[in-house]
1. Please work out if residue 282 is more than 30 Å from residue 88 (Cβ to Cβ) and not assigned by TED's automatic domain parsing to the domain that holds residue 91.
2. State all residues of the range 313-331 that are part of a helix (DSSP H, G or I) and either touching an Asp or Glu at 6+ places or on another chain (Cβ under 9 Å) or farther than 13 Å from residue 374 by Cβ (or both); if no residue qualifies, say none.
3. Can you confirm whether residue 265 is among the β-branched types (Val, Ile, Thr) and modelled with pLDDT of 90 or more?
4. Residue under question is residue 76, and the condition is that it be of a type outside the set (S, T, N, Q), within 19 Å of residue 24 (Cβ to Cβ) and in contact with a Gly (Cβ under 8 Å, 6 or more places away or on another chain); does it hold?
5. Touching a strand residue (DSSP E or B) at 6+ places or on another chain (Cβ under 9 Å), buried (at least 19 other Cβ atoms within 10 Å of the Cβ) and aliphatic (A, V, I, L, M): does that describe residue 296?
6. Answer yes or no as to whether residue 131 is of a type in the set (Asp, Glu) and either assigned to a helix (DSSP H, G or I) or touching a Leu at 6+ places or on another chain (Cβ under 6 Å) (or both).
7. Only one of these is at negative phi, touching a strand residue (DSSP E or B) at 6+ places or on another chain (Cβ under 7 Å) and assigned by TED's automatic domain parsing to the domain that holds residue 351: 329, 322. Name it.
Amino acid sequence: MQARLGPRRAAPPRPTLLVGDLTACVAAFQRLEQRVLELSLEQQACIGEPTASSVDAWRDLVPRCRALRETLTSLRELSHFSRQVYECTADVCSRAGDWPEALKALQQLVSLIYPALAMQLQQRLQEQGREQQQQQQEQAEGAAPAPGLPPGLSAAGSAASGGGVGSSSHNSIRHGAAQARWRQEEQEEEDGAAWMMAGLGAAAGLDSGVVAAALAQPQFRRWPEVAAALSIYFTCVQQQAGDDCLDTLTTLRGLPQRVLATQEVQAALQLHSALAAGDFVALFRLRAAAPPLVQLVAGAAAPRAREAALAVLAVAYHKIALAAVCRWLQLGGTHQLLGCLKVLADRGHLAAQRAMGALQQEEEQLEGGGELRFKG
């Protein structure tokens, strides 16, 4: 049989996903944004949990997001356009359930893009401040008379120099051109050095004032939300018990203090504590009040939490109102409750099997008007 199969061959390499130059990336991102807007409006019109068809529609967009991300990496592009691409990638991949791709976008935003753009903003503000100070100083020097000379003599001397005004304007033009050329070279060096910050921990070296100035700008409004989503990612997405603790602590240590103290990150830490403590009522309540991206990441742990909560209810209660269970666990209807009970029943949970059988027999009560009976 081995001889019939012949020698093993390596799989062909994956075709390139590069979009093109930066102009092509901008056009591709505009088309992607239009499709994301259409799917978002369709999802808002639906009630309840997303269906399989809606998730598949989001999954179709994942290759386009990956193509843009890889192209920007090859172009070494680090700007607010790349921030928009990575934010959109995190949203799309989280809705599609493609968690490895979502993690790449979240980590790149938190560890590199936001810190680098914050430092660029601080440098730009400092340059503007120096320019204003220099202009004010030049205006003050121009308005003050020359010391030690009578006003008439200074005026006569300036009139006697035939090419004085022309040479002064010529010198100022040359000085302005040299200054513009120096700024362009400095900007190119900053753009090249920005990509080196990824290995040096860009976020860890940020000053508190730099972060505060960035958070005051509308371009950085999603920094706390993305950081909050990343801080609970390993707890909600990873299934291995104990493996998420070190990753979560490493993520939190890498966040600047100003970002760590934001309301979004603190709420995410409360959600993390509720999941670890098994406080499922608080978990779903905090998830409902969280930002959209945090809700999506926390949604990865929702099935496990609902199954664990139903197992606890089966032990604690003989019977309980269906409406209360659906409200506590944020279920869209009793059909979702039946799905959770089926998972427990397939694992041999006797109380879940009994409750599931009672619900299936009383179909007229499946819209929340009956009771969930775990024990006879």
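The values are calculated or read from the model by the stated rules, or taken from the named source; none is laboratory data. Since this is a predicted model, take the numbers as computed values, not measurements. Here Cβ is always computed from backbone atoms with ideal geometry, including for glycine, and neighbour counts include all displayed protein chains.
1. Against the criterion (more than 30 Å from residue 88 (Cβ to Cβ) and not assigned by TED's automatic domain parsing to the domain that holds residue 91), residue 282 does not qualify.
2. 322, 323, 324, 326, 327, 328
3. Yes; evaluated as a whole, the condition is true for this residue.
4. It is true that residue 76 is of a type outside the set (S, T, N, Q), within 19 Å of residue 24 (Cβ to Cβ) and in contact with a Gly (Cβ under 8 Å, 6 or more places away or on another chain).
5. Here the answer is no, as residue 296 does not meet what is asked.
6. Taking the combined requirement at face value, the residue satisfies it.
7. Only one candidate passes the filter, namely 322.
Each row is one residue, and each column tells you yes or no for (1) surrounded by 13 or more Cβ atoms within 10 Å (Cβ to Cβ); (2) out of contact with any Leu (no Cβ under 6 Å at 6 or more places or on another chain); (3) β-branched (Val, Ile, Thr); (4) modelled with pLDDT of 90 or more.
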residue	(1), (2), (3), (4)
15	no, yes, no, no
27	no, yes, no, yes
35	yes, yes, no, yes
44	no, yes, no, no
51	no, yes, yes, no
